[in-house]
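The values are calculated or read from the model by the stated rules, or taken from the named source; none is laboratory data. Since this is a predicted model, take the numbers as computed values, not measurements. Quick reminder, even Gly has a Cβ in these numbers, built from the backbone with ideal geometry, and neighbours come from all protein chains shown. Areas reflect the complete protein model, heavy atoms only, side chains present, ligands, DNA and RNA absent. Shrake-Rupley method; radii C 1.70, N 1.55, O 1.52, S 1.80 Å.
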Amino acid sequence: MDVMPKWAEVVLVPLISLLLAAILSALVILGIGEDPVAAVKLMVSGALGSTYGWGYTLYYATNFMFTGLCVAIAFHARLFNIGGEGQAMLGGLGVALACLYIPWPHWSLALIGAAAMAAVFGAAWAAIPAFLQAKRGSHIVITTIMFNFIAAAVLNYILVNMLRPQGSMDPATARFPDATKLPTLHDILAPLGIEFSKAAPANISLLVAVAACIFLWVLIWRTRLGYEIRAYGHSESAAKYAGISPVKITMIAMIISGGLAGMMAINNVMGEAERLVLNATEGAGFIGIAVALMGRSHPLGVFLAAILFGFLYQGGAELALWTSIPRELIVVIQALVILFTGALDNMVRMPLEKIFLALRAARAPKPERKPVEPAE
């Protein structure tokens with residue numbers, strides 16, 4: 001029997017962790033001589049106070065949804081995929097090839113084709129560490145993090161020597177054709193009479209990310225494959241006894257994971273930059289780990305955590321622009337959130353478990369004590 005109710009596990013523990021991280025962040029801001037209340041107000045107004053700010057917040061959140069789901073599906077199979085960064089890089093390569101070399105008649109077809117190519121490239125890159133883990137026993141953490149560096153080197157070589165336009169000094173591809181240009185939130189909401197900033201990069205990829213959250217929820221909790229993934233993640237020996245193949249689950253979970261990471265490229269490569277550049281992922285693969293941890297590997301939790309980190313990214317950019325607070329401070333705040341939601345999770349959980357145990361014991365009916373009859 002669980003010590004804490006489900007709502008406390010999903011809501012209360014992350015909320016207290018966030019409050020602790022916020023308190024420490026305020027102390028850090030005070031330590032550099034700035035006003036934490038003014039800093040929070042500026043972050044909120046910069047990230048949520050206008051459609052322009054919302055556009056950037058949702059743009060970053062879209063990236064983090066894909067990479068958070070990437071880590072979450074692997075977590076359910078007891079696999080720690082740290083290679084989302086490299087898988088997203090290769091997904092960007094798939095998007096670039098699809099957009100540059102296939103003559104798409106309309107953006108909707110281009111989106112489907114580019115998303116498929118991104119998923120295939122990301123899944124293929126994740127399948128190699130998965131095979132090494134399943135067949136050779138190589139630890140998935142070591143191989144996936146090494147493959148991030150290999151992906152960066154491969155992408156660098158391809159951009160500089162193969163995809164760079166002749167005469168250009170920039171290590172990037174040419175601009176994608178106009179037919180592949182994705183509609184922004186301004187284009188989507190304008191027919192509904194809702195005004196939204198034209199300059200904001202948020203685009204229809206946000207809806208694809210939300211659809212990916214729904215897809216993963218259905219897969220994990222409403223399909224036989226999802227049951228097998230969860231069973232294997234809870235107990236490998238019990239899963240093997242039930243006839244579940246460890247090789248099959250490891251390969252499938254990592255392939256889906258890599259595919260989700262690769263699909264991030266439809267947002268940052270196809271939707272925003274409209275070309276493939278070096279370091280297009282900007283660390284989103286690693287932020288996905290924090291998003292999955294904070295979201296408890298649940299698609300709804302990942303969705304909410306991604307919006308939070310999108311807020312931190314955009315709010316941090318506003319802080320760096322309008323105050324003397326350095327941009328690196330937002331990295332500190334993100335690190336504190338990761339610290340409390342991941343590494344120090346038990347520091348919050350254990351006192352709460354004691355409180356709920358005490359409350360349960362206080363509510364439990366006490367057994368009646370029978371009077372002792374005198375001996376004859």
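Checked against the criterion of being assigned to a loop (DSSP other than H, G, I, E, B), open to solvent by 50 Å² or more (accessible area, probe 1.4 Å), more than 30 Å from Phe80 (Cα to Cα) and among the polar types (S, T, N, Q), the stretch 166-174 has at least one qualifying residue.
Suppose we filter Ile244, Ile256, Ile252 for residues that are closer than 29 Å to Arg136 by Cβ and touching an Asp or Glu at 6+ places or on another chain (Cβ under 6 Å); which single one remains? Before the answer, list the steps.
Working: Ile256 fails: touching an Asp or Glu at 6+ places or on another chain (Cβ under 6 Å); Ile252 fails: touching an Asp or Glu at 6+ places or on another chain (Cβ under 6 Å).
Selected residue: Ile244, the only one of Ile244, Ile256, Ile252 that is closer than 29 Å to Arg136 by Cβ and touching an Asp or Glu at 6+ places or on another chain (Cβ under 6 Å).
Evaluation of Ile188 against the conditions (1) assigned to a helix (DSSP H, G or I); (2) farther than 19 Å from Gly68 by Cα; (3) among the hydrophobic types (A, V, I, L, M, F, W, C); (4) touching a residue at least 40 places away in the same chain (Cβ under 8 Å) shows that the sole unmet condition is (4). Screening the stretch 99-113 for residues that are under 11 Å from Leu182 (Cα atoms) and touching a residue at least 12 places away in the same chain (Cβ under 8 Å) and picking the one that is surrounded by the fewest Cβ atoms within 10 Å (Cβ to Cβ) gives His106.
Candidates Ser237, Ser205, Ser257: the one that is more than 18 Å from Ile307 (Cβ to Cβ), among the hydroxyl-bearing types (Ser, Thr, Tyr) and within 18 Å of the chain's Cα centre (by Cα) is Ser257. When restricted to residues that are surrounded by fewer than 24 Cβ atoms within 10 Å (Cβ to Cβ) and among the aromatic types (Phe, Trp, Tyr), the stretch 58-98 contains 2. Taking the stretch 145-161 as the range and being modelled with pLDDT of 95 or more, surrounded by fewer than 17 Cβ atoms within 10 Å (Cβ to Cβ) and either outside any helix (DSSP H, G or I) or not small (Gly, Ala, Ser) (or both) as the test, the residues that pass are Met146, Phe149, Ile150, Val154, Asn156, Tyr157. Considering the stretch 253-280, and only residues there that are open to solvent by 50 Å² or more (accessible area, probe 1.4 Å) and assigned to a helix (DSSP H, G or I), the residue that is nearest to Gln133 (Cα to Cα) turns out to be Ile255. Leu207 - would you say it is at pLDDT 95 or above, open to solvent by 40 Å² or more (accessible area, probe 1.4 Å) and more than 17 Å from Ala273 (Cβ to Cβ)? Yes, satisfied. Taken over the stretch 1-21, the criterion of being in a loop (DSSP other than H, G, I, E, B) and open to solvent by 30 Å² or more (accessible area, probe 1.4 Å) is satisfied by Met1, Asp2, Val3, Pro5. Take the residues in the stretch 235-252 that are free of Cβ contacts under 8 Å to residues at least 24 places away in the same chain and of a type outside the set (Ser, Thr, Tyr); name whichever of them is most open to solvent (accessible area, probe 1.4 Å). Filtering first and then ranking leaves Lys240.
So, in the stretch 287-304, exactly how many residues are in a helix (DSSP H, G or I) and open to solvent by 10 Å² or more (accessible area, probe 1.4 Å)?
Within the stretch 287-304, the subset in a helix (DSSP H, G or I) is 287-294, 299-304.
Within this subset, residues satisfying the condition of being open to solvent by 10 Å² or more (accessible area, probe 1.4 Å) are 287, 289, 293-294, 300-301, 303-304.
Counting residues in the stretch 287-304 that are in a helix (DSSP H, G or I) and open to solvent by 10 Å² or more (accessible area, probe 1.4 Å) gives 8.
For (1) open to solvent by 60 Å² or more (accessible area, probe 1.4 Å); (2) at pLDDT below 85; (3) more than 30 Å from Glu195 (Cβ to Cβ); (4) touching a strand residue (DSSP E or B) at 6+ places or on another chain (Cβ under 7 Å), each residue gets a yes or a no:
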position: Ile23; (1), (2), (3), (4): yes, no, yes, no
position: Ala26; (1), (2), (3), (4): no, no, yes, no
position: Gly46; (1), (2), (3), (4): no, no, no, no
position: Tyr56; (1), (2), (3), (4): no, no, no, no
